[in-house]
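We did not get these values from a lab; they are worked out from the coordinates using the rules stated. Predicted model, so just to flag it, every value in this text is computed and none were measured. Here the Cβ is made from the backbone with ideal geometry for all residues, glycine too, and neighbour counts use every protein chain on show.
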Amino acid sequence: MHERIRPRREIDGISAVLLPWTDGGRAIDWSGFERHLTRTLDAGLTPAVNMDTGYVQLLDEAQRLEVLDRTKGIVGGGRFIAGAWVADAEGDAFAPDRYRAELAAITAAGGTPILFPSRGLTSGDVVANHAALATDVDAFLAFELGPAFTPAGKVYDLDTFAGLLDIPQCVGAKHSSLQRQLEWDRLALRDQVRPDFRLYTGNDLAIDMVMYGSDYLLGLSSFAPDAFARRDAMWAAGDPDFYELNDTLQYLGRLAFRPPVPAYKHSAAQFLVLRRWLDGDATPPGAPRRPDSDVPLLADIAAVLGLPR
């Protein structure tokens, strides 16, 4: 695999910002969200909102719009990514007008949309479905999401991925299969067909995919955007300390993203409480949680990382 490695590469880091909750999970902690969004920007990472890490599946339209409005106010014309989320049920048809409403809201706020998979979007002619939405935006990201994260998730075959590369407005894709080989296959095809296309790893169990040419859009980076930014700078500078820091961050990922995978969001809240970046680790009703016994393990990792509080 050594020939795959691409040293001293500038990494495009996008961090899916945790949406914290308060009042026992009955209310969004807007102040905590805004502080964490600001810290993400200060670290030099691009924020992504209304993602899985932002509990987008549990938000109503008014809440999603408020996330966009608050993000716009803090980013101030800078770059951010936002999930275009459309809920549907098994057997539902593709709903382009519902996606277009999401795209319009995101672009009006100054964000770049990423198309969350739905059962309709990922059924039938997937490439044609994406192309039908491309006429409404200047740029968007596609999203391959494994079913470990959401029941509507789908990882496409390589021919479908190749079709997405043919859509000019599709400027990148997040790949969350949690499988290295599938991502390596996509990198090879990308390099051959469209080198400017960005492939963002969503593999929180293999964050070293940045060594092979992937950029990233991760939920794990929301635990420590400052540490991820430091790691990225080390890779670009050829600093061998990259490997030790990456190993520690990967240990954090292995702990936080163990089954049930969606409970990583509670792990993130626990970790941010340890860092004194959040006041509490509340999660919305129905969201899976981690045991309190995880907290000493998370505290040990934070200490090894030397993270400021």
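Tabulated results
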item: Lys, Arg +1 and Asp, Glu -1 on Cβ, resulting dipole of the chain about Cα centre, debye, nearest 20; result: 460
item: Ranked by how many other beta carbons lie within 10 Å on average, peptides 42-50, 107-115 from highest; result: 42-50, 107-115
item: Cα-based shape type of the chain, given that a ≥ b ≥ c are square roots of the gyration tensor eigenvalues and the cut on a/c is 1.5; result: oblate
item: Cα centroid separation - the stretch 251-268 against the stretch 78-141, whole Å; result: 27
item: Diffusion constant of the stretch 158-216 at 10 °C, which comes from Stokes-Einstein with the Kirkwood Cα-pair radius and 1.306 mPa s, µm²/s; result: 141
item: Counting DSSP beta bridges with both ends in the chain, the antiparallel % (nearest 5); result: 10
item: Residue-averaged 222 nm ellipticity for the chain, from DSSP H runs of 4+ at -39500 (n - 2.57), nearest 500; result: -12500 deg cm²/dmol
item: The chain, relative contact order in percent, only Cα pairs under 8 angstrom and at least six apart counted; result: 21
